[in-house]
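Enquirer: One structure follows; several queries about it will come next.
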Amino acid sequence: MVDAWWALARSEEVTSAKPINVDLAEQPIVLWRDAEGVARALEDRCPHRRAPLSLGCVLGNGMIQCGYHGWTFDGASGHLKNIPNLKSEAKFPSLYRAAAFAVTESNGFVRVCLDAKAQAPAPSPTGETLPRSGAVNVALEHEHYINALFDDPALVLAIRGVRFTPYLMAELAEQDGRLVMERSCQWAGPRWPSPFSSDFPISLRISTDPRTGESDLLLRDDAFNPLLNATLAPVPAARGVTQVRWRAKLAAHRPGLMAKWLGTGTPFTVLPTIDGAALRILKPSASVHAAALREAIAAATPQAVVA
Amino acid sequence: MLDIKDTPTDDHADPVTADPRAFAAKVAAWVPHDIVLKDAWFPLAHSFAVTKKPVRRAVYSQPYFLWREGGKAVAAETHPAEGLNTGKSAFTDTAGRYPVIEKYGYVWCWFGNPANAAPEHLPSLPYLPEDGGLPLHMLGTVRFDCTAPLSLENLIDLTHADFLHADVVGDEKMDKETVEVFHDSETITMVRSCVNKSVAPVMKRFGGVKSDVQQVRQVIRIYLRSHAAIAYGRFSPGDNVQLFHPCVPETRDRTRLDYAMNTSNVKKSNPFRYVMPKASYKVSRQDSFMTSPQSPRYMRPEKRKDLHSPLDEAGQKYRVLMLALAERQARGDFAYRDNVSADCSEIIGYQKS
């Protein structure tokens, strides 16, 4: 977990108007933008009296000020820069600092690494900020959440007019350091039941980062026309909750009536709750080898640490 | 998975008879999820389903796109719209094409080293016309939510049918039952003979059988590498049932079955001719009801051994033969030691109508 880059917020959530609180497992983090518009991340805990820095404010110079006693911190280093009541120009010892985390921003997500010295990954050359977005908190532990996505996407998301089948065109496998699978789908409405169907008109490709579970989703038709792209960024949060931020984009050209219908209403939804009854009886299938694949990928990447 | 060098070995001992303890150990070591046999023909589509527009299939997640060029069926690793941009595997030639044969009303594609593809490795299916042409009502597609070997182990253990499919093929009531099993390195054949077995309800309702009991001889012959089975039943009174049951492992946990039930031996005026092929829709869901929860329990080695009855002989031998093939292939030996394309009419006791 320590050296992975986690999408802890959508870009538009992080502003210089007000800091926000997020968490990575049991680690509370405060995010804001400094005077240059650069996203910053510190431990959401003032080292003075442990008050959450996210209850404070962002000053005009881009520093964050604790709302309790006014201690003010630099976002890049976490160093204490000012104690207003001290009325002093004295410099503070380097010990006087809040824990700072590495931050980068790409594809519409603010990503944080707990290792402050970590080098940000190069942005994807084809990456873009998908225009539709949202965030939900799901009361399910992170690994179980990702396994549910692999075994039955209908438990965690909905695509307008799309029915996920139990059948795969490709089971979960390593591909360029990611976990990749492809599930056959049908259009909703009266259809020949999937267990008796010879062919399926659409499929959902899922490409998942083995450490963070961040997943790129591609819905395409049987002529390989892309219909919808989405990125799902599940993050382990406090108390076993998984925070899921997502972004999505409909393809401009979508051949076929059902594909065009995708554009009406809400085309892509990440569900805020999970059906426990359905989850309990969901048989492991695609997810069965996920843990082993993650280990294999981590072993092939010596510097990597499995989340 | 892509290591497909062919290195025939001299180890020709029959794994079924060589050593009882080794046999039992292999039966217990059954993890069908891990078996991926190569150098085999798979019937990936009914001939009618392959047209100018590409259709997509998979064998162990390996992508196959099938279409016709000038009327001839072809298969490629990538969709024509994608081209070869995404690279190709060792399963296809330099153009990214798979070896293809069209026979028995199916488009068969080779899964393995293309250099080893040969027509003599195509299974013999005596009751399917070589040029195809069965009417559509005798053909269909069903899917099993399980690994393909479990589906076939289920099939070759026909005692399950008396319970799971009793409402279709009849219950366990009969005077006598015998099971014989034959095998070679590439096939296993089970012959089940039942004396005075309660009549299959589907025959009573739709086949015009008035009697309460019938004499039954059922044959299941599995072509191990192709995961394809012949299910041939002789019923007296009643009509013979001629089913081709190919279990294509689309992934290690999902199975596709493009079946053909040739009921052209049944009178055209008999509803059984039209109803029986559709029974697959019901029977397959009944099977999946059990094999779907079974499948995750066979994905990893299990310390507790399965228990067996004498009626499980065929299933146990099927396990051992599959494992023997897998072990041979792991050693680099992909050679066929027995001819799967030789006419098996006599072996299955096929009565031409």
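Rule-based calculations on the coordinates, nothing more; no lab input. Only a predicted model underlies this, so the values are computations on that prediction, with no experimental measurement involved. So basically every Cβ, Gly included, is an ideal-geometry build from the backbone, and we count neighbours across all protein chains shown.
Enquirer: For the range B:133-139, take each phi angle, set θ = phi - 60°, evaluate the Karplus expression 6.51 cos²θ - 1.76 cosθ + 1.60, and give the result in whole Hz per residue in order, putting x for glycine and proline.
Expert: Here the 3J(HN,Hα) series is x, 5, x, 4, 5, 9, 10 Hz.
Enquirer: For the range B:125-142 and the range A:1-48, what is the centre-to-centre distance using only Cα atoms, to the nearest Å?
Expert: With the range B:125-142 and the range A:1-48 each reduced to a Cα centre, they are spaced 63 Å.
Enquirer: Sort B:176-183, B:101-108, A:90-97 for me by packing, meaning the mean count of neighbouring Cβ atoms within 10 Å per residue, highest on top. It would help to have the intermediate numbers written out before the result.
Expert: Numbers: B:176-183: 15.0, B:101-108: 23.6, A:90-97: 11.8.
Packing proxy ranking, top to bottom: B:101-108, B:176-183, A:90-97.
Enquirer: While we're on this one: Taking H placed 1.01 Å from N in the peptide plane, check which residues at least 5 places from A:V162 or on another chain put their amide H under 5 Å from its amide H.
Expert: For A:V162, whose amide H was placed from the backbone, the distant partners under 5 Å are A:A188.
Enquirer: Going by a ≥ b ≥ c, the root eigenvalues of the Cα gyration tensor, does chain B fall in the rounded group (a/c under 1.5), the prolate group (a/b larger than b/c) or the oblate group?
Expert: Values: a/c = 1.81, a/b = 1.23, b/c = 1.48.
Oblate, because a/c is 1.5 or more while a/b does not exceed b/c.
Enquirer: Taking H as built 1.01 Å from N, whose amide H comes closer than 5 Å to the amide H of B:A260, not counting residues under 5 places away?
Expert: Result for B:A260 returns B:F244.
Enquirer: With 10 angstrom as the radius, rank B:I222, A:I206 by how many other C-beta atoms surround their C-beta, starting from the fewest.
Expert: Ranking B:I222, A:I206 by Cβ neighbours within 10 Å, fewest first, gives A:I206, B:I222.
Enquirer: Between helix A:142-151 and chain A, what is the angle of the helix's C-alpha long axis to the longest principal axis, kept within 0 to 90° and rounded to the nearest 10?
Expert: Taking Cα atoms only, the helix is inclined about 20 degrees.
Enquirer: Please arrange B:S269, A:S54 by counting, for each residue, the other beta carbons lying within 10 Å of its beta carbon, fewest first.
Expert: B:S269, A:S54
Enquirer: Still on this structure, I have one more. Once you order the gyration tensor axes a ≥ b ≥ c over the Cα atoms, which shape class does chain A get: rounded for a/c under 1.5, otherwise prolate or oblate by comparing a/b with b/c?
Expert: Cα axes put chain A in the prolate bin.
Enquirer: Summarise the partner chain shielding of B:243-253 as one whole number: the mean count of Cβ atoms from other chains within 10 Å of each residue's Cβ.
Expert: Across the residues of B:243-253, the mean count of other-chain Cβ atoms within 10 Å is 3.
Enquirer: Once a ≥ b ≥ c are taken as the square roots of the eigenvalues of the Cα gyration tensor of the range A:6-113, is the result rounded (a/c under 1.5), prolate (a/b larger than b/c) or oblate (a/b not larger than b/c)?
Expert: Numbers: a/c = 1.93, a/b = 1.66, b/c = 1.16.
Prolate.
Enquirer: Mind sorting A:D152, A:D199 by how few other Cβ atoms lie within 10 Å of their own Cβ, fewest first?
Expert: Lowest to highest Cβ neighbour count: A:D199, A:D152.
Enquirer: Just to confirm the number: angle between the C-alpha axis of helix A:290-300 and the first principal axis of chain A, 0 to 90 degrees, nearest 10?
Expert: 60 degrees
Enquirer: Let me ask you something else. Once phi is turned into θ = phi - 60°, what whole-Hz ³J(HN,Hα) does the Karplus curve with 6.51, -1.76 and 1.60 give for every residue of the range B:24-36, x standing for Gly and Pro?
Expert: Listing the rounded values in order: 4, 5, 5, 4, 6, 8, 5, 10, x, 4, 8, 8, 10 Hz.
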